[in-house]
1. Is it the case that segment 42-51 has a residue that's closer than 14 Å to residue 11 by Cβ and open to solvent by 90 Å² or more (accessible area, probe 1.4 Å)?
2. Considering segment 54-63 alone, what residues qualify as being within 14 Å of residue 10 (Cα to Cα), open to solvent by 40 Å² or more (accessible area, probe 1.4 Å) and not small (Gly, Ala, Ser)?
3. In segment 16-74, what count of residues is obtained for those that are under 15 Å from the mean Cα position of the chain (by Cα) and of a type in the set (Gly, Ala, Ser)?
4. What pairs can you find where one residue is in segment 1-25 and more than 13 Å from residue 69 (Cα to Cα) and open to solvent by 60 Å² or more (accessible area, probe 1.4 Å), the other is of a type in the set (Lys, Arg) and assigned to a helix (DSSP H, G or I), and their Cβ atoms are less than 9 Å apart, with a gap of 6+ or different chains?
5. When residues of segment 15-74 are filtered for being assigned to a helix (DSSP H, G or I), among the hydroxyl-bearing types (Ser, Thr, Tyr) and under 22 Å from residue 3 (Cβ atoms), how many remain?
6. How many residues, within segment 27-41, are under 22 Å from residue 73 (Cβ atoms) and loosely packed, with under 15 Cβ neighbours inside 10 Å?
Amino acid sequence: MMNQEQLTQLNKGIQVIIDAMASKEYKTANNKLAEVSDVIDDLIDTTEDDAVLVEISKYQVLLNHLQVKLNASE
């Protein structure tokens, strides 16, 4: 189950992606995006609680949006 530490790590990871994109460090942003995406995939695979899955899916949608923006910027 997703705990507060995992949620904090997701927030930090996404902030790193946003900061890297703002600084035009696209390779860093892309690498971090792949890393955070893997974490989210693992959480989805190991979570059975529907409320937690809904929360994780919000991060997944945000990552997908960042991926689209990143691809447009590169």
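The values are calculated or read from the model by the stated rules, or taken from the named source; none is laboratory data. For clarity, every value in this text was computed on a predicted model and none was experimentally measured. Positions of Cβ are generated from backbone atoms using ideal geometry, with glycine treated the same way; all protein chains shown enter the neighbour counts. Side chains are part of the model used for accessible areas, which takes the heavy atoms of the whole protein and leaves out ligands, DNA and RNA. Shrake-Rupley method; radii C 1.70, N 1.55, O 1.52, S 1.80 Å.
1. no
2. 55, 58, 60, 61, 62, listed by residue number.
3. Within segment 16-74, residues that are under 15 Å from the mean Cα position of the chain (by Cα) and of a type in the set (Gly, Ala, Ser) number 5.
4. Every condition considered, the pairs that remain are 16/32.
5. Here the count works out to 4.
6. Looking only at that region, the number is 5.
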